[in-house]
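What follows is a single structure, written as structure tokens, with notes after it.
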Amino acid sequence: MFYSCSVVKRVPEGKHLLTKANIVVNDEKQQEEALQNQLYQKPNSTLALGFPLRLHLYNMAKPNADSSYQAWLARKPKRHENMAKFLSEKQVQRLGKSFIVSGFSNFLKKNGEAPVIIDELKTKKTKNRFLAYYFNKGYFNTKVDYKIDTLKNKRGIVHYNIVTGEPYILDTITSTIETPELDSLYQNIKHASLLQSGQQYDSKNFASERKRISSHFRNNGAFRFQETYITYDVDTLNRNHKANVDVIIENQTVKTGDSLIKTPFKLYTISEVNIFTDNTSSRNKEKVADSVTYKNFNLYSSDKLNYRPKAITDAVFITKGSKFSDTRRLLTSRAISNLRVFNYPSIEYVEDKRDSTGHSLITNIYLIPRKKFNFNITADFMHSNIQDFGIAGSMGLSIRNIFRGAEVLEISTRGNIGASKDLANPNDVFFNISEYGADVKLTLPRILFPINTERIIPKIMFPSTLVSFGISRQKNIGLDKENFTGMLSYNWLPKKNNSARLDLFNVQYVRNLNPNNYFSVYESSYTSLNNLAQTYNTNPSNVDSNGNLTITEGGANNFISEVLNGDTALSEGDSEYKTIKSIEERRSRLTENNLIFASSFTYTKSTKTDILDNSFSIFKTKLESAGNVLSLISRLKNESLDANGKRTFFDVEYSQYVKTELDFIKHWDFGRRSVLALRSFFGIAIPYGNSDNIPFSRSYFGGGSNDNRAWQSYDLGPGRSGGTNDFNEANMKIAFSTEYRFNITGKWNAAFFADAGNIWNVLDNVEDEKFTFNGLQSLKDIALGTGLGIRYDFNFFIFRTDLGFKTYNPAYEESRRWFKDTRFDKAVINIGINYPF
């Protein structure tokens, strides 16, 4: 009863709340979104199970909070006077607009939703909109009726009954074009017309055909042509639901003096291309101080020309002797902007008075250079599972057009200091974590390669080259590292929404500075080893006074060596021996220096048109190979193998593997700010040749805010092992995610999600079946996490909080995997920026 009354709380007497709008088309009930969008009035929005949250929020607000406050002041004669003496009159009036008095009600109204009251005038407008909708679909004899049913408790339903009749079908398609040149252009593309005989009449096809014809004309010299010059004559008289269509394009209307005359359209050719490189010449050639002509392009500057002509002309697709073209103009604007040296250019066309026939255009391109130098400083304060408190800062300098070829050089330095109570801190200093580094990046607006690549990757694909080098040194999680990177990468756009990237080489060298501290960082490995040492250790020098293996003194490493050398009671057949051997293999792998010399190719295809497009798909694939070049060099030098039987490069074992990834994302827009999003991912990295496993930096992990949100990062897998290590990783990954996103109120959104997947070891040196992928039967080890999330839209980014529950946990025995940890005390909270996919 309370729910029923509260819904209609703000519905006036004699009015009715719209609870449902039924649409019946040709005796069939319809729910499709296109028809729902024709309604001038829709029922109040609801959440799951039909609960109208926003309506309830609105009903909770006071209708006239400020007026109620004034009435409260006047209720007692001296109340207003006494408050004014205490606060002042201005503050008394301001109190009425405060959050306590009226602000909360205003907040509820703003984020709530007023009750939708049935309005017959809007119902009639909806009827007319249905008539127009079906008329545009070719149903010229549609009939629409409506009926309003009033129910008890101030509620009502509107029924729309639509009878469409038989649609009209296109019959003969003809054309009447007065300008001969345009008629010739039309005849060339007529076969691909969007209006075809036998097709049902649809006004969208007529509009699209108008755009198609206009685009073709304007890309072939018709500078003065506009879409409005295209009209249609549709004859439906006595045709038995058949329609003849005549495409009509009359000559252009030109004003001459006080008269309007019709003249044929002209097809224009570009006779000259002028590029003003600094815009300070006020678009006046008389103020030009420097100029050059390069491949039929004229470049002008009010001072000395600071650009190599080719760097600019490579971004210009408007050429002398070509037809006027909208596409060439748009490509030029986009390419110049991509140089990152100029702001968005201004492109103008003027008729060339030197051409007596009047068929020539001069193109003037005006460029506004960006500042040559750009300096920025950033500072951040942070907290993480490693740092209790941290301060990070960076300084960066960008230099545009550094070599006069529109290149951009970026030099940056970064540093970080932090405090961690978990890290060994013998000197008891507050800031016991540090990291610093520097990077240099050079971006060139072309492919930098010894041979000409124009035929393979033409400039219409906006090619660019990135060369980068970086160095960093960190002291944080205990092992401490030095990291050196270098990369030569090519990027281009094969199609409008497709991108390609080729990393010709991507070099990374990681040197561990403190490998003896391994067991201080990976505590789970130490705990397992120490438990075994309580039984099998026979060397007193390996333990401390409490009988635990020492770390910094080398007791843990000595115990491992003694076991593997046969100096203890354990032998190779014992399970404890295998456990210790596995611990040593992992320790050796994670503390060894890594040299990765890789090449990769990445291709991305997207159907997304703009940021407002919520129905799109993205497919991304990547293929990476590492170590082949170094293997060839090592074999040519005929270097001997090291103590581990591996080849080295500058005395460092290099990694050798092949890696591939497939990533697919699909979104469906259900309207009213509801979206269903799906993601699937598969990745595998196979070691071979010089490697038995994959470097940690190239391996996969499970869990986290952008993966399976019911597990924390690195906690999931491998396989059904249960995440026994501190940082769990493997060389194969399968992941699926589904998320239903919907709006709650205003900028508050929510989502229900399900994440499935896991990581496994495959074709490497891990043999334990709990960790490895052993065929299709291992698919039962895919973990499932479900949950819900709350998001707030800040327009420029989305703040996200997700609560994940372990719904199916492969770490347990099969009979106990479902819903064992689906409890709030076992839930995982993830905080992120923007959507997970």
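The values are calculated or read from the model by the stated rules, or taken from the named source; none is laboratory data. Treat the numbers as computed from the prediction; the structure is a model and nothing was measured. As a convention, Cβ positions derive from the backbone with ideal geometry for all residues, glycine included, and neighbour counts pool all protein chains shown.
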Out of everything in segment 790-828 that is among the β-branched types (V, I, T) and surrounded by fewer than 18 Cβ atoms within 10 Å (Cβ to Cβ), what residue ends up being nearest to W760 (Cα to Cα)?
T822
Report, by residue number, each residue of segment 476-514 that is among the charged types (D, E, K, R) and surrounded by fewer than 17 Cβ atoms within 10 Å (Cβ to Cβ).
E482, K495, K496, R501, R511
How do the pairs read when you match residues in segment 545-556 that are under 13 Å from S520 (Cα atoms) with residues anywhere that are assigned to a strand (DSSP E or B), using Cβ under 7 Å and keeping only pairs 6 or more apart or on different chains?
L549/V543; T550/V543; G555/V543; G555/L549; A556/L549
Of all residues in segment 147-198, how many are out of contact with any Phe, Trp or Tyr (no Cβ under 9 Å at 6 or more places or on another chain), within 12 Å of V245 (Cβ to Cβ) and surrounded by 15 or more Cβ atoms within 10 Å (Cβ to Cβ)?
3
If we take segment 796-837, then strands (runs of 3 or more DSSP E) inside it with 3 or more residues that are under 16 Å from F752 (Cα atoms) and in contact with a Cys (Cβ under 6 Å, 6 or more places away or on another chain) are none
State yes or no: is T465 buried (at least 17 other Cβ atoms within 10 Å of the Cβ), farther than 26 Å from E435 by Cβ and of a type in the set (V, I, T)?
yes
Could we say that S412 is at negative phi and crowded, with 16+ Cβ neighbours inside 10 Å here?
yes
Would you check if N220 is part of a helix (DSSP H, G or I) and either farther than 29 Å from L361 by Cα or among the polar types (S, T, N, Q) (or both)?
no
Selection count, segment 710-768, where residues are in a loop (DSSP other than H, G, I, E, B), among the hydroxyl-bearing types (S, T, Y) and within 23 Å of D793 (Cα to Cα):
0
Condition check: surrounded by fewer than 17 Cβ atoms within 10 Å (Cβ to Cβ), touching a helix residue (DSSP H, G or I) at 6+ places or on another chain (Cβ under 9 Å) and touching a residue at least 12 places away in the same chain (Cβ under 8 Å). Does F670 satisfy that?
yes
Determine, yes or no, whether S105 is outside the structural domain of R10 (by TED's automatic domain parsing), at negative phi and at pLDDT 80 or above.
yes
Selected residue [touching a residue at least 40 places away in the same chain (Cβ under 8 Å), of a type outside the set (D, E, K, R) and either in contact with a Phe, Trp or Tyr (Cβ under 6 Å, 6 or more places away or on another chain) or not assigned by TED's automatic domain parsing to the domain that holds V629 (or both)] from Y714, Y700, Y740, Y657
Y740
Go through (1) modelled with pLDDT under 90; (2) assigned to a strand (DSSP E or B); (3) hydrophobic (A, V, I, L, M, F, W, C) for L237 and report which single condition fails.
(2)
Could you run through segment 566-592 and say how many residues are surrounded by 15 or more Cβ atoms within 10 Å (Cβ to Cβ) and of a type outside the set (D, E, K, R)?
9
Quick check: is even one residue across segment 212-229 over 30 Å from P369 (Cβ atoms), loosely packed, with under 15 Cβ neighbours inside 10 Å and among the acidic types (D, E)?
yes
What number of residues within segment 174-202 satisfy the criterion of being under 44 Å from the mean Cα position of the chain (by Cα) and assigned to a strand (DSSP E or B)?
1
